[in-house]
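**Q** Submitted below is the structure of interest, expressed as structure tokens.
The values are calculated or read from the model by the stated rules, or taken from the named source; none is laboratory data. Predicted, not measured: the structure shown is a model, and the values here were computed from it. Ideal geometry is used to build each Cβ from the backbone, glycine not excepted, and the neighbour counts take in all protein chains shown. Note: accessible area is taken over every heavy atom of the protein model, side chains too, but ligands, DNA and RNA are not part of it. Shrake-Rupley method; radii C 1.70, N 1.55, O 1.52, S 1.80 Å.
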Amino acid sequence: MSCDICAMIETKDEFKLIYEDETCLAFLNEAPLINGQVMLMPKKHFTIVEQTPDEVFGHLMNIANIVSVVLFETTGSAGTNILINNGEDAGQIFPHLIINIIPRKENDSLKLGWEQKKASDESLKQNAELIKKYADKINLKEDPAKNKPVIQEKKETPKVVDAKKEETHKHDEPDYYIKQLERIP
Amino acid sequence: MDLSVCFEKVYISVFSKKGFMSDDASQNCVFCLIDAGKIPSKKIYEDNKCVAVLQLHPANEGQVLLFPKKHYPIMPHTPQDEITHLSIVSKRISLVLLQTGFCKATTILIQNGGAAGQQVGHFSIHIIPRKKNDLLFKIEGKPADEKELDTLRIKIIKKMSEMLGRPSIEINMKKEPEKQVIIVEPPKEVEQPKTSPPAQIVQEKIIIKEKECDHILTPPKKYSETKEKVAKIGVKKEDGYLYFVDKEGDISRAKMQRRQKKEEEIDEEDKHDESADDVEESYEPKGVDEKNLLDDISRVILGR
């Protein structure tokens, strides 16, 4: 895997660990918006939320909850933000799922909000119809992360087995194919 | 784990100002009213635990608001089951937004507290479709002071370990170089023999043993501190001679020249005679005759 974060997780050097268990890690961001910003990530490689299995994502959110409480008490903040940037267009820097937990204070001038402009009724209608088409097909029992295996480990099939299969399939074909296969050491 | 107990005081004080933590949530809370159907909304998804609705004031078109049907003011007040259920649903909704083609990326945001941007006192998750260069939710910051981070880190680890009831990180994971510690055991106490000797003798034995061990425990002293005078003789050293103590205990000297090696004994009583020091300095080998070979050898070696 060419993922920098997976390599970092293996070596476990040079970062300020806060929490660790079998499935995930959390550590302090060393270039944060505010001191105390935490990065939480699974140990296994998942690039985006849609690719993480349900159990793992649920576990991550519960731990993010605990971390937000701890940050609230230790940094003296008045609130916390939990933010997942899911995709390149969203500003995801590393191809590895990261949950950011950011402690907030009143009037801290962080731009994690947006202008409160009301959307037009037409656009709301159109969008609602479009989204409902796909949202009606939501099935909580089918996990999209498990149906579409993204990471496929290439299994090297041994050549000897293939040769035997070819032999069984090619009974009717001329003998010189079999002779060629027999030559393979 | 009931996290709501941890920090109720502060959150309640914050929310009570804005009227979020009200007992009559079903009548005052916007989301509870939406769920009840008393406020119009564009519902997208609904099940027995949660509801998803289109945001009226979105960051980008198509923003979805997901909230539980039960009234929980903030995330720490919601039980674990509900959080896992909501996270699974938010994952499905994010996938739906990608399928519609609004966007190629999404952001999932939770706001806990008024300072974090929460406007309604009811726990909710925002799922926001993102576009390139929309200048929203930038998390990159500036490098922080290491000392501050380290002190913070220690506080956080302590607090987390308290809450979890176990250490939050394994202490063995730290890769510090092992310092070799040399443990010097103090001398063992003297075991009192069965026949109890008088106390004085026993104490002397202890003192002696301690002295024996002193040379192990204390570093070796310098040569200048250990030397001591054994006898006063007053021999003046001259150049060209090597002075040494005989087997007999007398001080002797030998001239440091290749040709002649003469030992001269100087006793304490005898005076220093120059004649005694006369040695054949100039040496010329005479013709060696076979007849007088032994004589010649004796002359050469012994100087006679």
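**Q** Test A:L110 against the stated conditions and say whether it is touching a residue at least 12 places away in the same chain (Cβ under 8 Å) and crowded, with 24+ Cβ neighbours inside 10 Å.
**A** No; evaluated as a whole, the condition is false for this residue.
**Q** Would region B:129-147 turn up any residue that is farther than 30 Å from B:K104 by Cβ, part of a helix (DSSP H, G or I), open to solvent by 80 Å² or more (accessible area, probe 1.4 Å) and modelled with pLDDT of 85 or more? Step through it out loud before you land on a result.
**A** Step one: of region B:129-147, the residues farther than 30 Å from B:K104 by Cβ are B:143-147.
Cutting the leftovers down to part of a helix (DSSP H, G or I) gives us B:146-147.
From the residues that got through so far, the ones that are open to solvent by 80 Å² or more (accessible area, probe 1.4 Å) too are B:146-147.
From the residues that got through so far, the ones that are modelled with pLDDT of 85 or more too are B:146-147.
Yes, region B:129-147 contains at least one residue that is farther than 30 Å from B:K104 by Cβ, part of a helix (DSSP H, G or I), open to solvent by 80 Å² or more (accessible area, probe 1.4 Å) and modelled with pLDDT of 85 or more.
**Q** Would you please name the residue that is nearest to A:I98 (Cα to Cα), looking only at residues in region A:6-44 that are open to solvent by 10 Å² or more (accessible area, probe 1.4 Å), within 18 Å of the chain's Cα centre (by Cα) and in contact (Cβ under 8 Å) with a residue 60 or more places away in the chain?
**A** Top of the filtered list is A:M39.
**Q** Restricting attention to region B:54-81, which residues are open to solvent by less than 10 Å² (accessible area, probe 1.4 Å), more than 8 Å from every other protein chain (Cβ to nearest Cβ) and of a type in the set (A, V, I, L, M)?
**A** Those that are open to solvent by less than 10 Å² (accessible area, probe 1.4 Å), more than 8 Å from every other protein chain (Cβ to nearest Cβ) and of a type in the set (A, V, I, L, M): B:L66, B:I74.
**Q** Does A:N85 meet the test of being part of a helix (DSSP H, G or I) and crowded, with 22+ Cβ neighbours inside 10 Å?
**A** On the way: part of a helix (DSSP H, G or I): no; crowded, with 22+ Cβ neighbours inside 10 Å: yes.
For A:N85, the condition - part of a helix (DSSP H, G or I) and crowded, with 22+ Cβ neighbours inside 10 Å - is not met.
**Q** Same structure again: If you scan region A:115-134, which residues turn out to be over 30 Å from A:V56 (Cα atoms) and within 7 Å of chain B (Cβ to nearest Cβ)?
**A** A:Q116, A:K117, A:K118, A:A119, A:S123, A:L124, A:N127
**Q** Also, quick follow-up: Among (1) within 18 Å of B:Q119 (Cα to Cα); (2) open to solvent by 60 Å² or more (accessible area, probe 1.4 Å); (3) of a type in the set (A, V, I, L, M), there is one condition A:I93 misses while meeting the rest; what is its number?
**A** With respect to (1) within 18 Å of B:Q119 (Cα to Cα); (2) open to solvent by 60 Å² or more (accessible area, probe 1.4 Å); (3) of a type in the set (A, V, I, L, M), A:I93 is out only on (1).
**Q** How many residues are at pLDDT 85 or above and on the phi > 0 side of the Ramachandran plot if we restrict to region A:80-126?
**A** Number satisfying all stated conditions: 2.
**Q** Check off (1) part of a strand (DSSP E or B); (2) polar (S, T, N, Q); (3) surrounded by fewer than 23 Cβ atoms within 10 Å (Cβ to Cβ) for B:T84 and give me the number that stays unchecked.
**A** Among (1) part of a strand (DSSP E or B); (2) polar (S, T, N, Q); (3) surrounded by fewer than 23 Cβ atoms within 10 Å (Cβ to Cβ), the lone unmet condition for B:T84 is (1).
**Q** Let me ask something else about it. Tell me yes or no: at least one residue of region A:91-102 is outside any loop (DSSP other than H, G, I, E, B) and facing chain B (nearest Cβ under 8 Å).
**A** There is at least one residue in region A:91-102 that is outside any loop (DSSP other than H, G, I, E, B) and facing chain B (nearest Cβ under 8 Å).
**Q** Give just the number: which of (1) within 38 Å of the chain's Cα centre (by Cα); (2) at pLDDT below 90; (3) open to solvent by 10 Å² or more (accessible area, probe 1.4 Å); (4) under 28 Å from A:E106 (Cβ atoms) does B:R166 not satisfy?
**A** Going through (1) within 38 Å of the chain's Cα centre (by Cα); (2) at pLDDT below 90; (3) open to solvent by 10 Å² or more (accessible area, probe 1.4 Å); (4) under 28 Å from A:E106 (Cβ atoms) one by one, B:R166 breaks only (4).
**Q** A further question follows. Go through A:I5, A:I34 for me and flag whichever is over 16 Å from A:H59 (Cβ atoms) and not in a loop (DSSP other than H, G, I, E, B).
**A** When all the criteria are applied, what remains is A:I5.
**Q** Return the only residue of A:I18, A:I63 being at the interface with chain B (Cβ under 7 Å from one of its Cβ atoms), closer than 19 Å to B:L164 by Cβ and among the aliphatic types (A, V, I, L, M).
**A** A:I18
**Q** Another question, then. Could you tell me whether A:K141 is assigned to a loop (DSSP other than H, G, I, E, B) and loosely packed, with under 11 Cβ neighbours inside 10 Å?
**A** Yes.
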